[in-house]
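Below: one structure, written as structure tokens.
Taken together, the values in this text are just the output of simple stated rules run on the coordinates, not laboratory data. Predicted, not measured: the structure shown is a model, and the values here were computed from it. All Cβ positions, glycine included, derive from the backbone under ideal geometry; neighbour counts span all protein chains shown.
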Amino acid sequence: MAQTSKQPTEYKLKPKLFSVMKQYSGEQFVKDLISGVIVAIIALPLSIALALASGVGPEQGLYTAIVAGFIVSFLGGSRVQIAGPTAAFATIVAGIVAREGMSGLIISTIMAGIIMVVMGLCRFGKLIKYIPGTITAGFTFGIAVTIVIGQVKDFLGLTFRNAPIETVDKLTEIARCITTLNPAALVIGLVSLAVLIFWPKKLDKIPASLIAVVLAAAIVKLGNLPVNTIGDLYTISSAPPTLTLPEINFAQIRAMVPNAFTIALLASVESLLSCVVADGMIGSKHRSNMELIAQGIANIGSALFGGIPATGAIARTAANVKNGGRTPVAGMVHSIVLLGILVVLMPYASLIPMPTIAAILFIVAYNMCGWKNIRDMIKTSPKSDIAVLGITIVLTVAFDLVVAIGVGMVMAALLFMKRMADVTEAHAWVDIDDEDTDPDNILLKRIPRRTRVYEINGPMFFAASDKVRYMLDDKDIDVLVIRMRNVPAIDASGVASLADIVKRCERHKVHVVFSHVNEQPMHAMEKAGLTATVGQENFCSHIDTALVRAEEIENTISAKA
């Protein structure tokens, strides 16, 4: 009876909700309900703060958490993932809005969602792990730096003469306008920051961000302090999200392609990283491809309902786990509670001081920067990896995420290829009768007199192809045995190098015998016609067989002579 291979559960295209509901209980519903309410309270000030940092209205942050959060929980591949606006997108979204307006952001987000759905359907979920940790750490730290720089204005109550978009320009404007510092705004910012830092150490049941918002708003209102609030800068709407279809033309689609790929890549990486963290906390295993599809649909939904790009939020996901959430029901409750808050309490958001928003984002940036991870990388990594890390950080801050990831990936790929080329080698075997050979070396075997054996170690690809070209330097032989048991993979350049060796051997009437060629290299050599050229009889499964074959060839040549 033929056996069928069972697909690993983490690669299934089935939402986790549909699986966990089979054993769902009333007791777990109570836990999910409580956790969902708590996470919603945490998400409220964060969603507003991140929306303002992204250059959009405060209600659009809540639209994102409501729509995207519900869709990801309903369709996602994780039991506990909480989705919504995150700090990683703040500078990207702000740049798109400044250059292209809200219509450009909507189109970019919809396109990004489509890309993510395609990635999930094509089973790209497991490929995200091939992005080097140095690049992930680098752009995350760089984004944290840009968030901090972007909030200095509101924290200090500065009055800018210009409206800079780029981070470097913001630094220049801060230095130029530092004399406009508002002492009242600075005090409110420091009070808010103190609450955010010290409140969790005393009482972590009530979110520190909520306490900071309420306390700062009360101080500004009752003291009639000259501090900007959300209501001073933005029009507050308590209307629930409504479906809005953007006007789209081909020229806009073509122009938004880079933005769409940036959003899709970042959303994919951050969502799957959040899933991995959550898996470790609850001992589960997420479905990466289903998560990508859900995140894609969520971003499309968020854009159509007036929101901004969304992804898995590690901090809110961790809070969900900490408060007892164990199924996607908790995430759905979180979205429903936020919808109620939006309709009922949103007008009060106009009282929130801008320095408090800046303080919340300072804490968000600190929590996301991963400075301890950066420190450990610097201590333990080779200088080349540290260079990739540093360049990724600098480019993220000075330019943008696309440039940073692009340059970082190219550098990491080149370094990887160099390392693989460095470990790839071809060395000769010698007979135990040679005077410079240790006769006790059991790894050496008796080799026929007019035969040379070379063993290749490591992958054979274009950067390492020159390592094998010297094999026929000794032309006064009859047989060349090439042992490939330690060659796990080969590319077109590697095959071409072997083909060149075979041709040179033919010209000098030297026979080639291959030993222990692994599956992938064998398939590549067959496709290139190399096995037909050499002859199937000259491909041996073991070195002993190859040496016997070499001796047969030598005997045949001697008989003819």
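Report note on the peptides 35-45, 399-409: ranked by the mean count of other C-beta atoms within 10 Å, highest first, their order is 35-45, 399-409.
From least to most packed, judged by other beta carbons within 10 angstrom and beginning with the fewest, 411, 119 follow the order 411, 119.
For residue 515, the amide hydrogen comes within under 5 Å of the amide hydrogens of 482, 483, 484, 540, counting only partners 5 or more places away or on other chains and with H modelled in the peptide plane.
Each stretch of four or more DSSP H residues adds -39500 (n - 2.57); spread over every residue of the chain, this sum gives -20500 deg cm²/dmol at 222 nm. Helix 208-223 and the longest principal axis of the C-alpha atoms of the chain enclose an angle of approximately 30°.
Among 381, 73, sorting on how many other beta-carbon atoms sit within 10 Å of each Cβ, with the fewest leading, yields 381, 73. What the pair-distance distribution of region 465-561 shows, using all Cα-Cα distances binned every 5 Å from zero, is 2, 13, 25, 27, 21, 9, 3, 1 percent. Spacing of the modelled spin labels on residue 285 and residue 245, each 7 Å from Cα toward Cβ, amounts to 4.3 nm. DSSP bridge analysis restricted to the chain gives an antiparallel fraction near 35%, rounded to the nearest 5.
Rounded to the nearest 20 debye, the dipole magnitude of region 450-551 is 180 debye, with +1 charges on Lys and Arg beta carbons, -1 on Asp and Glu beta carbons, and the Cα centre as origin.
Counting other Cβ atoms within 10 Å as a rough exposure proxy, the listed residues 383, 14, 285 run 383, 14, 285 from fewest neighbours to most. Legend: translational diffusion of the chain by Stokes-Einstein, Rh = Kirkwood radius over C-alpha pairs, 37 °C, 0.692 mPa s; D = 121 µm²/s. Counting only residues at least eight positions apart within a chain, or on another chain, the lysines with an alpha carbon under 20 Å from that of residue 12 are 22, 126, 129, 285. A dipole drawn for the chain from +1 and -1 charges on Cβ atoms has a positive end, and of 497, 408, 275 the residue lying farthest that way is 275. Put +1 on the Cβ of every Lys and Arg and -1 on every Asp and Glu Cβ in the chain; which of 250, 317, 233 then has its Cα farthest towards the positive end of the dipole? Value computed over the given set: 233.
Run down the lysines and flag those whose C-alpha is under 26 Å from the C-alpha of residue 503, throwing out any fewer than 8 positions away in its chain. In chain and number order, the partners are 467, 475, 527, 560.
Each residue of region 394-407 in turn: what ³J(HN,Hα) in whole Hz from Karplus with 6.51, -1.76, 1.60 and θ = phi - 60°, glycine and Pro shown as x? Rounded to whole hertz, the list is 4, 5, 4, 6, 7, 10, 7, 5, 4, 4, 4, 5, x, 5. For residue 417 and residue 394, the difference between the fully extended length at 0.36 nm per residue and the C-alpha to C-alpha distance is 5.9 nm.
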